[in-house]
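Just so it is clear, none of the values below were taken in a lab; they were calculated from the coordinates. Here the structure is a predicted model, which is why all the values come from computation and not from measurement. Heads up, the Cβs are rebuilt from the backbone with ideal geometry, glycines too, and the neighbour counts pull from every protein chain shown.
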Amino acid sequence: MKRLTKFINIALLVFVTGSIWAAPLSTPKGILVLQPRPAPALKLKDMDDNVYDLSVAQGRWKFVHFWASWCGPCREEMPSIQRMVERMQGSSLEIVLINVAESEDAVFSFLAGVAPDINSLLDTDGLATEQWKPRGLPSTYLVDPQGNIRYVAIGGRAWDKKDYIDFLHALLAQSDK
Amino acid sequence: MHLNLKQPIMKTAHYFQIQSMIVCLATLLMAESVLAAPIRSNWVVENEYIKLEMIARTPEQMAAFYEARGFPKTAIRELGQMCFITTSLKNKSRDVIWMKLANWKFTGKQGPLKRFHRNELKARWQQIGLAQQYQSTFRWTLIPEVLDYRPDEREGGNIVLQRTDQPFSLQAQFIMGAEQDGKRLSVKIGDLRCAQD
């Protein structure tokens, strides 16, 4: 009987701990939990003409952000992304920005003014963006280490604010367990 | 205390003369300001569930926007013949609200006003051989045809109509609930106009 009680207790402990780990995190404002689905392939050149393939970041959480310089909310949001990048330095978060169908000059002159440390991929014909089907611009997806889209941010977010930084750190911590 | 009753009576007559002059002047000024009033180009409808904002854009504004993004002259000429209304919709409720442009009816004196579906515009761009990058930019400046607005979500973009110099109205319907099984919302905006240069 003692053995059975011990076994049940251990089983319960394993069950409870497991469900805490598997439970979705509480999300800050404007972050939606999605049914996991595989992220579309993404292979584009950046502003320095280097080819980037999202699949190289397999095994890490990815912050995939679609933007354009003509979009008002994107312009408002970009400085907060620059500050978020600074605050997440040293973490394993892969931050990927994709400009939608603008010229290199337009991208360069905009980013130089508001987020000089950020490099962006250039989806020059907009076709890669179409595969991801964002709700609008800007749009940010959080892709898990297995390559599944797990969260989407609605509209522009203040990414450098505590709620969002804590959330990103919690995601990374969850995958480290 | 001595009361002079004569003076107030004279003052009153004078007062009426001045008053009638002021009324005439005010009427003239009002009539002039009504005649000179600029045609309205922005509209807002708000209730406990949604906030809908619309701004009519002039052909010059649209040409300037797309020219700055490298659009060729052939495309700019096409755009000049259309009526652009920049639209923003915010879901103020705690439920999902479905927006489907197919449920938005624009009506003028002559009847329904044509709205260009994004696929029609895509076909037109392909017809004139507009480069893919410009087609993509153009698509992203349009409001989606269908979108399930989440609580607190605000999305927008342009609605493209057949250009007219006559006023028209909008009757827009929305459905609440993620499964589109909730309350039906309806909003109406009257006296909309395409903006002129």
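Which of rounded, prolate, oblate describes region A:69-171, given a ≥ b ≥ c as roots of the alpha-carbon gyration tensor eigenvalues and a/c under 1.5 marking rounded, otherwise prolate only if a/b is larger than b/c?
Details: a/c = 1.68, a/b = 1.23, b/c = 1.37.
Oblate is the answer for region A:69-171, as a/c is 1.5 or above yet b/c matches or exceeds a/b.
Run through the DSSP bridge list for chain A and note the antiparallel percent, rounded to the nearest 5.
Numbers: 19 of 28 bridges.
Given both bridge residues lie in chain A, the antiparallel proportion sits at roughly 70 percent.
Would you mind ranking A:Ile165, B:Ile128 by Cβ crowding within 10 Å, fewest neighbours first? Working shown, then result.
Numbers: A:Ile165 17, B:Ile128 11.
Going from sparsest to densest Cβ surroundings: B:Ile128, A:Ile165.
Average projected area of the Cα convex hull of region B:155-197, in nm²? Provide the component values of the computation, followed by the final result.
Working: hull surface 17.2 nm².
The number I arrive at for region B:155-197 is 4.3 nm².
Taking the Kirkwood radius as the inverse of the mean 1/r across Cα pairs, report the Rg/Rh of chain A.
Working: Rg = 19.0 Å, Rh = 17.5 Å.
With Rg and the Kirkwood Rh in hand, the quotient comes to 1.09.
Counting only C-alpha contacts under 8 Å and six or more residues apart, can you give the relative contact order of region A:98-137 as a whole percent?
Details: 28 pairs, mean separation 21.3, N = 40.
Result for region A:98-137 is 53 percent.
Rounded to the nearest 500, what is chain A's calculated 222 nm mean residue ellipticity when only DSSP H runs of at least 4 contribute -39500 (n - 2.57) each, over all residues?
Values: 5 runs with 69 residues, N = 177.
For chain A, the value works out to -12500 deg cm²/dmol.
Looking at the calculated P(r) for region B:117-197, what percent of the C-alpha pair distances fall above 14 Å? Could the numbers behind the result be given before it?
Working: 2416 of 3240 pairs.
Distances greater than 14 Å cover 75 percent of the Cα pairs.
Could you give the size of the charge dipole of region B:42-192 about its Cα centre, using +1 on the Cβ of each K and R and -1 on the Cβ of each D and E, expressed in debye and rounded to the nearest 20? Please list the in-between numbers first.
On the way: 23 positive and 17 negative charges, 71 e Å.
The calculated dipole for region B:42-192 is roughly 340 debye.
How much of the pair distance distribution for region B:42-192 lies past 28 Å, counting alpha-carbon pairs only, in percent?
Numbers: 2631 of 11325 pairs.
Taking all Cα-Cα pairs of region B:42-192, the fraction more than 28 Å apart is 23 percent.
Using the structure shown, select from B:Lys51/B:Lys105; B:Lys51/B:Lys188; A:Lys62/A:Lys161; A:Lys162/B:Lys100; B:Lys100/B:Lys188; B:Lys73/B:Lys109 the pairs with a Cα to Cα distance greater than 24 angstrom. Kindly include the intermediate steps, with their values, before the conclusion.
Values: B:Lys51/B:Lys105 18 Å; B:Lys51/B:Lys188 12 Å; A:Lys62/A:Lys161 18 Å; A:Lys162/B:Lys100 36 Å; B:Lys100/B:Lys188 15 Å; B:Lys73/B:Lys109 33 Å.
Over 24 Å Cα-Cα: A:Lys162/B:Lys100; B:Lys73/B:Lys109.
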